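The values are calculated or read from the model by the stated rules, or taken from the named source; none is laboratory data. Quick caveat: nothing in here was measured; it's all calculated off a predicted structure. In this analysis, Cβ positions are derived from the backbone assuming ideal geometry, glycine residues included, and neighbour counts consider all displayed protein chains.
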C-alpha cells in the first residue's frame, strides 16, 4: 500500500519524516469554483447504478463461474460496488460474440468456445448449453442483467447451420427468461448490426428501416412465446456502433430507429457504443495516453453525438444509454488501457456523461481484454485481480452513492474538469479531475498541483483522493488511502485530506471528491 501524506500537511509546511527540508506543493494553477446551489432546470436525475458494466458474451462463464465453482473474486468485486453505492450495477452481457452464439438445449457443457489461436481475444463461435445459465446466478442476489441474443437471418441461415434464425433466437430467449427470472433487466437482439449491410450477415440493401422491421418481428415473437402478448417492455434496442452521423433519415442512429418504429411498447432503452480511440488495424502512430484519454477535446468531440441523440430522443419514453464503452476499442491497448490513466479518464468521462441525457454507462470487459476493470480467472500467468480502471469505477460509485443525483459542469478545460454534484436538488459535493500527464519516472517533489478555491462554508469538507505515483503504471493506487487486495477486498484505513485555508489541491494525474 502506498503511504499518502495529507496535502493539507504539505500546504502547512510540515516536514516529511525522512527529511528536515519542508515540502511545498508545486502549485502551477489556481481555479476559483462557484458551484450553483441548485442544478439547472431539466437536468437528468440518475441512480446509484449509473456507472454499470458490460461483459463480453463468451466470457460470462469466466466472470460468474457456476453452481459448483462460483467465481468468488468477481462476487466480491461486485459486492464492493454495492457496499459503496447502495445499488448493484446492471451487467449487459453481450458484444460481438453474442452474434456467433448458438444455444443447444441438449448440450451438457455450459459453453464450447474454440479459439483460432492462443493470441485471439475472442473465440470464433460459442456453443451454449443449459448449464451456461448458471453463470448468471453467481453474482450477489439483486444483480440484474441485459442478455445479448443472436440475430441470425429468420430463414435459411447458413452460418453455423442455424437454419431458422428466428426460432433460434426465441429458443435462447426462453431459456434465459426461465433461468434468470427477476434478474433479467432486458434482452438485446444483435450487437452493432449497423455494420452488417453488405457483409456475411445481411445484404447491402438492408437499411435501418429493414432492421427496425426485423427487430420488431423478433421482439414480437419473443414476447408471444414468453407471455402470450404481442409486446412486453423487455428489450434494449439498437446497440449500434459509436454514432458519427446525424441529420439524415437514412443514417443508422437511435433517433431514426425510433422514427422507423422502434417504440416504447417493446424498447425500454436504446443503446449506442463509444470508445476514445482504436487499437485495431491502424497504420502509423497508434493511440497514446496524451492523444486519447488525457485529451479532453477528443472525448468531448465524441460525446457531442450522444448529447444530441440523448436530447432528441428524450421525450420518447425510451431511455438513452451507452451500452458498451471503454478506453480504446479492439479490447484496449497495453500501457494505456491497463494503467492509472484509464482510472482518471473514467472519472471525467462518466461525470461528463452524467450531466447530459445519457441515463446509464456500461464499461465493457473480457477475460483477455487489456481494458477490463478486473481479470476474473487465472490467465496469462496471473491470478484474478483488479486493474486500474476498477479504482475509477469505485470512485464513481462513491459519487453516485444513494442515487437521486444530478451533476453540473463547473470547469471544462482541455486537461482539467470539475463538476458539482447534487442529491435531491441540494449541493452535496464537487469532483475535480486533473488530466495533465504525470509519469512515475518524474521527480515526485515536482508534481504540479491545481489549487481549487472553494466557496465559503466548505472548510469542513472532506477530500477523497484517487492517486498513485504516475499515470503510466498500474501500481500503488489508492482511493482515500485504501486499496483492493488479492481477494478483491477493500483494505486499509480510509483517510481524507482536509480543506486548508479554503483550498483543495489536485495533482496532475489525480481525481478528488470533495464532499460537504
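Here are some notes:
- The single condition from (1) modelled with pLDDT of 95 or more; (2) outside any strand (DSSP E or B); (3) more than 22 Å from residue 349 (Cβ to Cβ) that residue 471 fails is (3).
- If you filter the stretch 360-378 down to residues that are more than 14 Å from the chain's Cα centre (by Cα) and modelled with pLDDT of 95 or more, you find that the one that is farthest from residue 48 (Cα to Cα) is 378.
- Condition check for residue 239: out of contact with any helix residue (DSSP H, G or I) (no Cβ under 9 Å at 6 or more places or on another chain) and assigned by TED's automatic domain parsing to the domain that holds residue 353: no
- Exclusive hit being modelled with pLDDT of 95 or more, in contact with a strand residue (DSSP E or B) (Cβ under 7 Å, 6 or more places away or on another chain) and not assigned by TED's automatic domain parsing to the domain that holds residue 452, set 71, 29: 71
- Breaking point among (1) closer than 27 Å to residue 385 by Cβ; (2) free of Cβ contacts under 8 Å to residues at least 40 places away in the same chain, for residue 479: (2)
- Within the stretch 413-430, tally of residues that are more than 19 Å from residue 297 (Cα to Cα) and touching a residue at least 60 places away in the same chain (Cβ under 8 Å): 8
- Residue within the stretch 147-158 that is part of a helix (DSSP H, G or I), assigned by TED's automatic domain parsing to the domain that holds residue 271, farther than 22 Å from residue 212 by Cβ and over 21 Å from the mean Cα position of the chain (by Cα) present: no
- Residue check for residue 139: touching a residue at least 12 places away in the same chain (Cβ under 8 Å) and either within 22 Å of residue 226 (Cβ to Cβ) or crowded, with 19+ Cβ neighbours inside 10 Å (or both): yes
- Top-ranked residue in the stretch 73-120 [being in a helix (DSSP H, G or I) and within 25 Å of residue 193 (Cβ to Cβ); ranked as nearest to the chain's Cα centre (by Cα)]: 96
Residue-by-condition table, conditions (1) assigned by TED's automatic domain parsing to the domain that holds residue 272; (2) modelled with pLDDT under 95; (3) outside any helix (DSSP H, G or I):
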residue: 185; (1), (2), (3): yes, no, yes
residue: 188; (1), (2), (3): yes, no, yes
residue: 191; (1), (2), (3): yes, no, yes
residue: 200; (1), (2), (3): yes, yes, yes
residue: 205; (1), (2), (3): yes, no, yes
residue: 209; (1), (2), (3): yes, no, no
residue: 215; (1), (2), (3): yes, no, no
residue: 220; (1), (2), (3): yes, no, no
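- Looking across the stretch 410-428, the residues that are farther than 18 Å from residue 508 by Cβ and in contact with a helix residue (DSSP H, G or I) (Cβ under 7 Å, 6 or more places away or on another chain) come down to 419, 421.
- Of all residues making up the stretch 121-143, the number that are outside any loop (DSSP other than H, G, I, E, B) and either within 17 Å of residue 365 (Cβ to Cβ) or not assigned by TED's automatic domain parsing to the domain that holds residue 237 (or both): 3
- Entry remark, the stretch 485-504: residues being surrounded by fewer than 23 Cβ atoms within 10 Å (Cβ to Cβ) and in a strand (DSSP E or B) number 5 in total.
- All conditions but one from (1) modelled with pLDDT of 95 or more; (2) over 27 Å from residue 131 (Cα atoms) apply to residue 79; the one that does not is (2).
- Where a residue in the stretch 89-113 is at negative phi and crowded, with 23+ Cβ neighbours inside 10 Å and its partner, wherever it lies, is assigned to a strand (DSSP E or B) and at pLDDT below 95, with Cβ under 8 Å and at least six apart: none
- Hits in the stretch 225-239 (condition: within 15 Å of residue 180 (Cβ to Cβ), part of a loop (DSSP other than H, G, I, E, B) and in contact with a strand residue (DSSP E or B) (Cβ under 9 Å, 6 or more places away or on another chain)): 234
- Some residue of the stretch 337-353 being surrounded by fewer than 24 Cβ atoms within 10 Å (Cβ to Cβ) and more than 20 Å from residue 278 (Cβ to Cβ): yes
- Each residue in the stretch 247-300 was checked for being touching a helix residue (DSSP H, G or I) at 6+ places or on another chain (Cβ under 6 Å) and in contact (Cβ under 8 Å) with a residue 60 or more places away in the chain, and 5 pass.
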